[in-house]
Every structure is written in structure tokens, then in C-alpha cells.
1. Condition (residue is within 25 Å of the chain's Cα centre (by Cα) and more than 26 Å from B:Lys238 (Cβ to Cβ)) applied to segment B:87-99: is it met by at least one residue?
2. Do you know which residues across segment B:1-26 are open to solvent by 20 Å² or more (accessible area, probe 1.4 Å) and over 18 Å from B:Met334 (Cα atoms)?
3. Would you mention how many residues in segment A:98-119 are over 15 Å from A:Val86 (Cβ atoms) and either at the interface with another protein chain (Cβ under 8 Å from one of its Cβ atoms) or open to solvent by 30 Å² or more (accessible area, probe 1.4 Å) (or both)?
4. Counting only residues that are assigned to a loop (DSSP other than H, G, I, E, B) and touching a residue at least 40 places away in the same chain (Cβ under 8 Å), how many does segment A:204-217 have?
5. If you take the residues in segment A:114-142 that are of a type outside the set (Val, Ile, Thr) and part of a strand (DSSP E or B), which one is nearest to A:Thr229 (Cα to Cα)?
6. Name the pairs whose Cβ atoms lie under 7 Å apart, with the first residue in segment B:394-405 and more than 12 Å from B:Ala416 (Cβ to Cβ), the second of a type in the set (Asp, Glu), and 6 or more positions between them or separate chains?
7. B:Lys29: open to solvent by 30 Å² or more (accessible area, probe 1.4 Å), at the interface with chain A (Cβ under 9 Å from one of its Cβ atoms) and in contact (Cβ under 8 Å) with a residue 60 or more places away in the chain, yes or no?
8. May I ask you to list the residues in segment B:351-377 that are of a type in the set (A, V, I, L, M, F, W, C) and not in a helix (DSSP H, G or I)?
Protein chains: 2
Amino acid sequence: MENKKSNFSEWYNEVIEISGLSDKRYPIKGMNVWMPYGLKAMQNIDRTIRESVDSRNFQEVQFPVLITRDQLSVEFEHVKGFEKEVFWVTRGGMEPLEVEMALRPTSEAAMYGMFSLWVRSHADLPLRLYQIVNVYRYETKHTRSFIRIREIHFFEAHTAHDSYEDSERQMRQYMDIWGEISSRLCLPFEVHQRPDWDKFPGAKYTLAFDTLLPGGRSLQIGTIHQYGTNFSKTYDIKYLKDDGGHEYANQTTFGLSERLLAAVIGIHGDDHGLIFPPDVAPTQVVIVPIPSKKVDVDSFAKEVQQKLLSQGFRCTTDDRENYTPGFKYNDWEMRGVPMRIEIGEREVTSGTAVLVSRHDRKKTKAPIEDVAAWTSTILQGIKDALTDKANKYFRENMHHICNLDDLAKTEGFVIAGWCGERECAEKIEERYEFGTLGISPDDSEEKSCIVCGKPGRNGTFSRSY
Amino acid sequence: MENKKSNFSEWYNEVIEISGLSDKRYPIKGMNVWMPYGLKAMQNIDRTIRESVDSRNFQEVQFPVLITRDQLSVEFEHVKGFEKEVFWVTRGGMEPLEVEMALRPTSEAAMYGMFSLWVRSHADLPLRLYQIVNVYRYETKHTRSFIRIREIHFFEAHTAHDSYEDSERQMRQYMDIWGEISSRLCLPFEVHQRPDWDKFPGAKYTLAFDTLLPGGRSLQIGTIHQYGTNFSKTYDIKYLKDDGGHEYANQTTFGLSERLLAAVIGIHGDDHGLIFPPDVAPTQVVIVPIPSKKVDVDSFAKEVQQKLLSQGFRCTTDDRENYTPGFKYNDWEMRGVPMRIEIGEREVTSGTAVLVSRHDRKKTKAPIEDVAAWTSTILQGIKDALTDKANKYFRENMHHICNLDDLAKTEGFVIAGWCGERECAEKIEERYEFGTLGISPDDSEEKSCIVCGKPGRNGTFSRSY
């Protein structure tokens, strides 16, 4: 397998292919096939998302994939942002359609006309909905599995509120939700308020969650948007107040995508293949029996598997014939199963099992009656270790610079004083193909701009996907 | 609410609207919004499907929604069947696409090119894949929620085998799978082999599962297709045999859709609204506390809820203020929750709960310590009762006729001798807008044709959706 550190891009493509996550040989560029193993991992990520939002009374819906040009055109600024980037359906059967329709690039235009029907009074608010669907972009740049594609597995939450304050509370709640999800995926991130010229079309402001892949490029893995009343005015989403008047709703959104899987692959894997955090792993524990002529290894393995399944672990036994245990170890390591259990003659005789964690290959001998408790402890330890390792790389690649020339030798996040003006950001961007991630909402330190010297705050810049 | 028996069509639309299953006010004809309650019911149906196929080693995948004209054109007969019925994407951004792309109407053309890459040797077979995705039809007829729409929630299984015999075994396994699913949904059905002129384009033969909605029209709710080597020859899906030669794979498919939800709604509901079978119900048990000033009804209700949740029941407590218990009973009955629990002063004092089944309003008094066991028994009883009631209507509407004129006064399934010729079927069809469902594979009784008098078998005809 490719060396992850020195050839990240090749390693990434190779590990996706050989572990069976996705097949990109489908004849349309940027539209890949979700293979069973990749789809299961993504469904596990979806489950972490659903658990977090469902517990906060979000409700799941599904809107149609098609949006008419009329729906999109309601918001001129919005359509302008997308017209060049979407797929257009222009014919139904053999006849041209009267109104062209776009494959949704995101669902504001699809949803908000319906919101205006659903929101009548104060009592209908807050409205908190989400959907997990595919969205589409007519991507002309180079595509990359799970990162830059034309058919994107997407989570989008949309809310409406009876005051700006309540919508701001929602923005803070998104941070809690995101905290839960990122922690289960063991992903480090920084929050950046995107500069105005890079915020979502129609948003008052956009906060993005940026992580860092090996090779030092940042990856945007989530965004939350404060819309204020920008969209509700355009789509006429208003409610009757207690005093009989009408008021426009304040709105927010929260978006996540299959980039979460890209981050999990890129950040946790190593030169032996994938390493899945336990919450993402399609298989959390694989049992590999080591054949013996003296004792019944297979039924002992079944007993262990049964103990783990009954405690809710996703556990399988690799009983393939014609493969050596060593081959199986490698195979499951490559596929990123966080823990394996080895069971041979010695284990059967002594009533134990050998538990091996994928990331450090540490072995633990556990008595069979405690195997579920040990599995739980070891999986938690794996989660902690993956988090620590990811955080370490993340922190090590956060560089404060005071001199523009330092950009040349810097990878990862570059933090520098910035006045907030686009002109100065562009000077930084152009120098070494850096992008402007924005300012951190929690960092109010004053800093003079590295370009113009005027007063400013810390801005973060990076090369990015 | 509309009377279900006399105004089924209006009843159907009304119950979907007021129970919050789907909103058809979306501005594209036949593309409706899945509302939270409807989506949950559909996801529960999907779960029953997944459980049945996963346990038989089917693996879930997801293919792209777009299929190029080239992919479709590989199989001329196939594209001919669909060209007039699909949405065509012809533009990406502002530019016309070099190759037009269709929104998948079904996924043979998307999948089988990839199958030809995946299937190499004997060891790759049988290949058993499925996906649950939306498919698209440019439907020009009158649309109807969950029954005739343009964006269809769809399950499709696709298999490849190393012999025709094995693909026939697959066809029989589909019958087992369908038996499980239909039984959990309490849906009666008949299997009909569709006449050749109505089989799936490219299939050797098609078996369809037909049920009956109130009003006497049949609804096709599932199909399985034997493709033989028709598609594998076109898409070049072949494998290396032990003797070194190559052989084309034999293929089958199995399709289900949101029509399952339509059938559940239409068959089980009554004049008070929906009735969900327990496996489909988003909420299986609703607890309605009857306020009391003397005892603490709410914490008693919580205790009951906790007992049920811990046993895996989908259970909620309706603690809305400003609504009477009577209002709540009606509300949840309308939404089809199969069982409610009433808890008032008397119940708290005596340590009991009143369990009421939705379909017959029968009340059972259960001691609180046994409430989970009683719930399980009652839900099973509801399932049996819904099945019996549905079967009864189904059987009562199966009519054997010996005279063409009897069609005038017949609803439901009409069974009549038929020689198998299209000409004779069309005479039956034209007479009273009946359609030909085909012959039952299990009924080999000889019968002379009701039209031409030649020897034949029993054919089934009906008005249908």
C-alpha cells in the first residue's frame, strides 16, 4: 500500500478502492457507486447525526430532488450562486418541459415555499426539520471520492424561529450537536466565520467546521448558516403574532456531507489501511479462529460472538476456509476493523480470548466471561487514542506567523493578523495558493494585519480541498 | 372524515393529508414532500425489507441517479421501454451536455455495466445486491400519493448466478422474502405471471404481487423478474468456468415501492383514519394521562412508558396541555396508532393501566408490572386481526365467472378461463376497462377460454391502479 504520509493522495484513492468503500469506474465523472462496506460506514455516520438531532426534536422529512427554475428564481442572489453549477432537466419523455428543473444543489428553494404554507402562527415555531438526501453539483474541477463529487450524500437541517434571539440559540445548539458528532467520529476541527465574500448566498453569516487532512490541506466538513429574515422575506415565511400583526421568521441551516467519511478515512488511517472509530465501523469486532485439531475452536468462537452480539456490538467471525489467520489479520486491518479477537488452542484450553486493537496492535488477554466488558473498555480506549492522535497532528499543524514570507515553508493552518479586508486576504491567498478560512469566533485577540499593518484579529488561512 | 367504503378515493387523499403523511402541494406534479410521520412509516417498512434481505446475505449498495443515454442504449429493447417515460438532464450549468442523461427509472442500465467489472469468476457468484433509492418516471397520467407519482421511493434487488437453476432458486427465495414482508404488513396478495406483452422489458417472465384496495381495484405492490441471460449478454456479464470457458450469468430482480405504504393505508384504515400494523407504526403505543388532582398521573405514565421503551416498543406519552383526553384519543386514532394506554386516577390507585386497541377499541385492564407482556400480546392480536380482516375482504372479492356479461356487475379480481391469447384478453379488457393480471403459477386447472372457447387456464382480470 502507498505510504500515507508521503503520498497521501495516492494512499487515499488506493485505500478506498481496495477496502471496497466506493467504485469510481461508473461512467459519469464524479458519480461513484457506494459499495456495501462504504455505504454501511456512511449509514453509521448518518445514525450518529440522527441520534443527535432527533434527541433535540428535529423531525426528518424528504423533499423532491427537482426544483423548478421558478422556485430557484424567487431569490435572485440564490439562483445566481447556483445556476452555473447545477444539472438541468429540460425534457420529459420526448417533449421539452415548459419550466426547466434543477437537480437540487441544496434545498432552500425546494423547502421554503412549503415553509410558507406550514408556518401560520407563533405556535408553529420553532420549526426544526432535516433531511438526508443526495444533492447535485455540476462540478467541473477534478473530482475526488467523498470530497469533490457531483452526487453528494448530504445532511441538511433547516429551522424557523419567532425571533432573531431564538435563531441565535439554534446556532449555539448546532455547536452542541456538532460537538457530539465530531467526538463520536474522533475528528478535530476549528470553527471559522467565513469572510463575507465566501459565505452561503443569502446568509447573514456562515460558520464552518474545518479539519485538516494529512498533507496539510484543510477540509470543510460542516457549515451552519444564520439567514436572519433574508430567505423568509423572499419566500414569504411569516407568522401571526399575539398582537395580530405578522412577522417574518428567522432561519438557520446546518449542513454535513460524506466529507465526514473522507475525514474519518484520511485522518485515522495508516500505512496498513483504514482505521474506523468504533461508532463508524461497519464491523467493530472480528473474530479470527486459529484452526486446531485438538480442540473445538469454532464453537468457542461462536460463543464469544454470541456474547458480543447480545451486548449490541457489531461483531462477525471470519470462518473463510483456505485463508490463513495471518492473511485474515491483514485483510481486516486493511478494512479498519477497530478490534480483532484471536482464538486458538491456548485460548480454548484456558477459557480466554486475545483482544487486539487495530491502531497499536496491543494485545489483551481476557477471560471469556468478561469478554464483553473488555471489548467495551478497549473500544473506548481506541476512541480516545484516535482522538488524541488526531488532535496532536491538528495542533502541531497550526502555525502562527508574523511574516508573509513564512507562508512558503508552512503547511496546515496558518494564523496571522488580518484586518478583515478582502484585498489583504487576497494577497495572502495569491502568494502560495492559500484560501481564507476566516476568523475564529472565540478568538478576540487584537492583532495588526500582516499585510497592511492596520488593526485586526487573527485570521486563519490554509491550502484546502 | 370521508366514508371509506363509499368514497375511497376521497377518503384516501384526506387521511394522507390530515394525518401528516405527505404534502402534495409541492409545485411539481407528482413530486410530493414526505412529511415526518409518513417518512417514519416508510422507514419502518424499509426496515422490514432490509431485515428480510440482509438475513439472506444480500448487500446494500447505492448507484448514481443519472444514467447516460449510452448506458441505456446498450439494450435497445430496454431503452425503448423507457425513453418516453423518463426525465432527461441535457444541460450542466450553462452548457449542453455531450451525452444526455436520464434520471433512473430503474437501475438495470446503471448497474449491469459495473456487474460486468465485478463478476470475473465462479467465486463471485451468486452476486446479491439491493438498493433503496428514489426512481423517476415522467408520468403523464393523473397522479395519486404513493400510488402513481413521478418520484418513487423504491427497493430493487439484483442478482447474478452461475446457472439458470440457481436463478430459479433465487426466484423461489424472493417468494419467501415477500412472504415475510407481506405478513409483517398484514397484506393479502395473489401472485400472477404477467402476460408476455406486459412483462418487464428484457425479462423472460415476470411474477407480480397484486393486492386489492377498497373500491375493488387491484394494486400491483411488488414484482420479481427472471432475466435469464438476456441482460448479461447485452451488458457482458460473464464468468470463468472451471473448465476455462466463459459463461453468461443468469439474473433476477425484485422490486418493491412506496405502494406498500399505499396498500397499508388503503387496506387497514377505517372511517376514523389510519390503522397501522405494529411493524409499520411510527408510534406503536401512545399513553394518554387523564389529569387528576388527587394522584400523580404523570409520573405513573412515565413509569409505564419507561417499561415499554425498555422492551423496545415505540412508545410516546401525549402530555400536551390544553387538549382533553377525548381529543387526544381521536387524534391518535386518526393517526393510526395501534394501541393506546389510558391512565387516570383509578389506574394509579389500583396500579393498573387500560390498554385500548385501535381497530376494535377493545379495552384490557393490565396490572402495571405486566404492562409490557400485555402490550406484546395485544399488538400481536392486532396484527392477526388486521390480517384476518384484510384476507376476508380479499377473498370475498375474488369472483369466478363463466360468462362475459357477468363482468358488468363484478368488482375485485375476476377469474375466468382464458386461452392465453392477447386477442381474447383484450376482449375482456375492453369490455369494462379491466386489465389482465395474468395466470396464477400455482393454479394449473384446465379451463376453456371464456372468449373463444379454446382450452386454457384460469386467468385473473381486474380494474387496477
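1. Looking only at segment B:87-99, we keep the residues that are within 25 Å of the chain's Cα centre (by Cα), and these are B:87.
Within this subset, residues satisfying the condition of being more than 26 Å from B:Lys238 (Cβ to Cβ) are B:87.
For segment B:87-99, residues within 25 Å of the chain's Cα centre (by Cα) and more than 26 Å from B:Lys238 (Cβ to Cβ): present.
2. Within segment B:1-26, B:Ser6, B:Lys24, B:Arg25 qualify.
3. Narrowing segment A:98-119 to residues over 15 Å from A:Val86 (Cβ atoms): A:98, A:111-119.
From what is left, the residues that are either at the interface with another protein chain (Cβ under 8 Å from one of its Cβ atoms) or open to solvent by 30 Å² or more (accessible area, probe 1.4 Å) (or both) are A:98, A:113-114, A:117-118.
Within segment A:98-119, residues that are over 15 Å from A:Val86 (Cβ atoms) and either at the interface with another protein chain (Cβ under 8 Å from one of its Cβ atoms) or open to solvent by 30 Å² or more (accessible area, probe 1.4 Å) (or both) number 5.
4. Residues of segment A:204-217 that are assigned to a loop (DSSP other than H, G, I, E, B), as a first pass: A:204, A:213-217.
This time we only want the ones that are touching a residue at least 40 places away in the same chain (Cβ under 8 Å), so: A:213-217.
Residues meeting the conditions: 5.
5. In the first step, residues of segment A:114-142 are kept if they are of a type outside the set (Val, Ile, Thr); the result is A:114-118, A:120-131, A:134, A:136-139, A:141-142.
In the following step, the residues that additionally are part of a strand (DSSP E or B) were identified as A:121, A:127-131, A:134, A:136.
Values: A:Ser121: 16, A:Leu127: 14, A:Arg128: 16, A:Leu129: 17, A:Tyr130: 19, A:Gln131: 22, A:Asn134: 27, A:Tyr136: 26 Å.
Ranking the candidates gives A:Leu127 first.
6. Listed pairs, sorted by first residue: B:Asn397/B:Glu411.
7. On the way: open to solvent by 30 Å² or more (accessible area, probe 1.4 Å): yes; at the interface with chain A (Cβ under 9 Å from one of its Cβ atoms): no; in contact (Cβ under 8 Å) with a residue 60 or more places away in the chain: yes.
No: the conditions fail for B:Lys29.
8. Initially, segment B:351-377 is screened for residues of a type in the set (A, V, I, L, M, F, W, C), giving B:353-356, B:366, B:368, B:371-374.
Scanning segment B:351-377 gives B:Ala353, B:Val354, B:Leu355, B:Val356, B:Ala366.
The values are calculated or read from the model by the stated rules, or taken from the named source; none is laboratory data. All values derive from a computational prediction rather than experimental measurement. So basically every Cβ, Gly included, is an ideal-geometry build from the backbone, and we count neighbours across all protein chains shown. Protein only, heavy atoms only, side chains kept; ligands, DNA and RNA dropped before computing areas. Shrake-Rupley method; radii C 1.70, N 1.55, O 1.52, S 1.80 Å.
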